[in-house]
Amino acid sequence: MLLSTPVARVLVDTGLVHLDRPFEYLVPEELAEAAQPGVRVKVRFAGRDRPGYVLERSDAAEHTGRLAPIRTVVSDEPVLTPPVLELARRLAAHQAATTGDVLRLAIPPRHARAEKALPRDAPADGEEPRQVPETTTPQVWADYRAGAAWWSRVAAGESPGAAWVAAPSRPATSDWPVALAQAARAALASGRGAVIVVPDQRDVDRVDEALIEALGPDRHVRLTADQGPQARYTAWLKVLRGHVRVVVGTRAAAYAPVHDLGLVAWWDDGDDLHVEPRAPYAHVRQVLLTRADVEDAAVLVAGLTMSTDVAALVDTGRVHLVGGSTSRRDAPRVLVAGEGLDEERDGPGARAHIPSSAHRAASSALSQGPVLIQVPRRGYLPAMSCASCRAPARCPECRGPLALPSPDRPPECGWCGRAPGRFTCPHCDGDRLRAGVIGARRTAEEIGRSFPGTRVITSGGGEVHASVGAEAAIVVATPGAEPVADGGYAAVLLLDAWASLDRPDLRAAEEAVRRWFAAAGLCRSWADGGVVVLCGAPSHVTIPPVEALVRWDPQWFAARELAERAELSLPPTTWTAEVIAHRKRVEPVEHAVRSVAHEAQVLGPLPVAGAEDRRRLVIKAPFGDGPLVAAALKDLRAGESAHKAETLTSVKVGHLGAL
């Protein structure tokens, strides 16, 4: 009985920044047993019934006035666990957000039928989840430098941090999904649980299959956005009630309430899908590193490449490098179209959309298996330019980019959707358009004409293929939509390299490397005849991303990029935040920042596309001042919320892109 603690501190979900704190309520006698810490309740707040969570019970109130009673206990399930609450508080402080923002992502909506259908007792036989006996390091980890040492420490109950650079061109039995599954097995061997986060559904499917093979059936759950409400809540409850201790899923799975968490792991740190598009805008990296600190868990950040953020973690000693230094014979052979004798032999064909050297490589490889062609953008002609002066073609109404959605439709604006009747270039008065960037659909058309009788598969947009067979075929895919081929691709063509490198983004080169390596890593090894052809790369100057691909040395590129960022005080070597504020609130934002951090820099303001009254600011500060700036920005938002401002200032910490 909890009758001796009649006061409950409740975190009320108000959605208001200035009310991001617990409030005291009286616990009615009939709810004394059910209203325990962690359960969902309904309380009266500002004249309305609001949802909330009981944080704790006490025998006396700090408030001297009369306390309102808790209206009802929604469910007696303690869904808010102490580790998740601490995680939410730390993330909210780091992201200048509210605890409620984090909890809305961490705890899924209740589904009553799921609660009733799932047994409360943790596994069906009434015993604790079985530990997985392990004495020998799996070969998939023994093949990597320091891999066996890291795996053994996790299996022994320790919490080491590792940045693992996976080798390319691996067979399915030793590819990265198998390694992640074996890492989870190590955590189970120590009597602890594991959380594995991957960017998308296709990756979840691959790791899910590997986990079943490594752990057996019903030893883990998957949490993804495409699950229905009941299925997702059932899987989440299995974790909460201790039925399973291993979770794989997309970014929401990072908050899964795993008991005795021993390992947090995520794949492909640089993928944009790891960034939460809603408040608090946290990256999976920040969520899982914070969880590891809260629950003393091992860390594994993995990928074919290494982001500059991970390179910074290695540089500071937060994680240690595992793997790397891939033998060139184990990676595919990489050729750059237009180099060497290509120009002399092929003439203008060396610089075509699909150069002659790439066409020859594809023709030769088709006799050995499938060929992958990566195109930077989807659509038909996703970007157009003036045929006379080559200036980008813009909409006369909103200045958005003009694109050709299909050959039987007129050019349309990518922003407003209008189709201007007649194009006139404002720079040279030209009235003809040309292709700026060739999309996946147009590329598939060209390839189909070049290789008649060969099956052409398009993957991207609304139709993404998870895998293809080993028979001869040409696969045209956009970045992130490349299917996995049985036995690997015989050749991979990377088109329009300049389109990836020329993006107006701080991470353009880093993202180009990530995309190229992701596609090239699906190719067969050099020893097995695999070849990668990079097309459209400038040849008049040495470009580090191209050099990294040719050498197959992503660590070198990440270290070089990090050193350049440090010289310029750019992220991730400095604390950064992007602030979107009303134009009248720019000065208060600048004052709030400089009042707590004299060394902070405020860049801007810049206009925000599609919002005339909004301005964009970029804030840079030393890492030591970051928490102070975040707190000041949250206080500023709280003041706006208290004064019922129509639009609140939004803050995104830590994943700055375009400058």
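Filter segment 524-551 down to residues that are in contact with a Pro (Cβ under 7 Å, 6 or more places away or on another chain), assigned to a helix (DSSP H, G or I) and farther than 18 Å from Gln374 by Cβ, then give me how many there are. Explain how you work it out, then say what you get.
From segment 524-551, those in contact with a Pro (Cβ under 7 Å, 6 or more places away or on another chain) are 524-526, 530-532, 535, 548; that's our starting set.
Pick out the ones that are also assigned to a helix (DSSP H, G or I) and you get 526, 548.
Still in the running and farther than 18 Å from Gln374 by Cβ: 526.
So the answer is 1.
Of the numbered criteria (1) touching a Leu at 6+ places or on another chain (Cβ under 7 Å); (2) in a strand (DSSP E or B), the one Pro571 fails is (2). Annotation note: Cβ proximity below 7 Å between a residue of segment 253-271 that is at negative phi and a residue that is of a type in the set (Phe, Trp, Tyr) and buried (at least 24 other Cβ atoms within 10 Å of the Cβ) (sequence gap 6+ or interchain) occurs for Ala256/Trp236; Trp267/Trp176. State whether one or more residues within segment 126-142 are under 30 Å from Gln230 (Cβ atoms), modelled with pLDDT of 95 or more and of a type in the set (Asp, Glu). The answer is no, given that none of the residues of segment 126-142 is under 30 Å from Gln230 (Cβ atoms), modelled with pLDDT of 95 or more and of a type in the set (Asp, Glu). Taking the criterion of being assigned to a loop (DSSP other than H, G, I, E, B), in contact with a Gly (Cβ under 7 Å, 6 or more places away or on another chain) and more than 28 Å from Asp553 (Cβ to Cβ), the residues of segment 164-201 that qualify are Ser190, Arg192.
To keep it simple, each residue is scored yes or no on (1) in contact with a Lys or Arg (Cβ under 9 Å, 6 or more places away or on another chain); (2) surrounded by 16 or more Cβ atoms within 10 Å (Cβ to Cβ).
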residue	(1), (2)
Val532	yes, yes
Asp553	no, yes
Thr576	yes, yes
Ala592	no, yes
His598	no, no
Gln601	yes, no
Arg614	yes, yes
Val618	no, yes
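Answer yes if at least one residue in segment 602-623 is assigned to a helix (DSSP H, G or I), out of contact with any Ser or Thr (no Cβ under 9 Å at 6 or more places or on another chain) and of a type outside the set (Phe, Trp, Tyr), and no otherwise. Checked segment 602-623: no residue is assigned to a helix (DSSP H, G or I), out of contact with any Ser or Thr (no Cβ under 9 Å at 6 or more places or on another chain) and of a type outside the set (Phe, Trp, Tyr).
The criterion of being crowded, with 16+ Cβ neighbours inside 10 Å and either among the hydrophobic types (A, V, I, L, M, F, W, C) or on the phi > 0 side of the Ramachandran plot (or both) does not hold for Val608. Going by the conditions given, is Val244 under 23 Å from Ala156 (Cα atoms) and buried (at least 24 other Cβ atoms within 10 Å of the Cβ)? So Val244 does not fit the description; no.
Just checking, which of Ala311, Ala292, Ala337 is at pLDDT 95 or above and in contact with a Ser or Thr (Cβ under 8 Å, 6 or more places away or on another chain)?
Values: Ala311 fails: in contact with a Ser or Thr (Cβ under 8 Å, 6 or more places away or on another chain); Ala337 fails: at pLDDT 95 or above.
On inspection, the qualifying residue turns out to be Ala292.
Looking only at segment 251-273, filter to residues that are in a loop (DSSP other than H, G, I, E, B) and in contact with a Leu (Cβ under 8 Å, 6 or more places away or on another chain); which one of those is farthest from Pro82 (Cα to Cα)? Top of the filtered list is Asp268.
Scan segment 505-548 for residues that are hydrophobic (A, V, I, L, M, F, W, C), closer than 20 Å to Ala365 by Cα and under 23 Å from the mean Cα position of the chain (by Cα) and report the count. Break it down stepwise before answering.
As a first pass, look at segment 505-548 and keep what is hydrophobic (A, V, I, L, M, F, W, C): 506, 508-509, 512-513, 516-520, 522-523, 526-527, 531-535, 537, 541, 543, 546, 548.
Subset that is closer than 20 Å to Ala365 by Cα: 516-520, 522-523, 526-527, 531-535.
Subsequent filtering for residues that are under 23 Å from the mean Cα position of the chain (by Cα) retains 516-520, 522.
Residues in segment 505-548 being hydrophobic (A, V, I, L, M, F, W, C), closer than 20 Å to Ala365 by Cα and under 23 Å from the mean Cα position of the chain (by Cα): 6 in total.
What is the one condition in (1) assigned to a loop (DSSP other than H, G, I, E, B); (2) within 33 Å of the chain's Cα centre (by Cα) that Arg66 does not satisfy? Here Arg66 clears every test but (2).
Can Pro82 be described as closer than 30 Å to Ala632 by Cβ, surrounded by fewer than 17 Cβ atoms within 10 Å (Cβ to Cβ), at pLDDT 95 or above and not acidic (Asp, Glu)? Taking the combined requirement at face value, the residue satisfies it. Each residue in segment 385-405 was checked for being in a loop (DSSP other than H, G, I, E, B), modelled with pLDDT of 65 or more and not aliphatic (A, V, I, L, M), and 9 of them qualify. Pairs meeting the criteria (first residue in segment 499-523 and more than 19 Å from Leu372 (Cα to Cα) and at pLDDT below 80, second residue among the aromatic types (Phe, Trp, Tyr) and buried (at least 23 other Cβ atoms within 10 Å of the Cβ), beta carbons under 9 Å, at least 6 apart or on different chains) are lacking.
Residues that are touching a residue at least 40 places away in the same chain (Cβ under 8 Å) and β-branched (Val, Ile, Thr) were ranked within segment 563-587; the one that is nearest to Leu648 (Cα to Cα) is Ile580.
The values are calculated or read from the model by the stated rules, or taken from the named source; none is laboratory data. What you see is a predicted model; the values in this text were computed from it and never measured. Note that each Cβ is placed from the backbone with ideal geometry, even for glycine, and that neighbours are counted across all protein chains shown.
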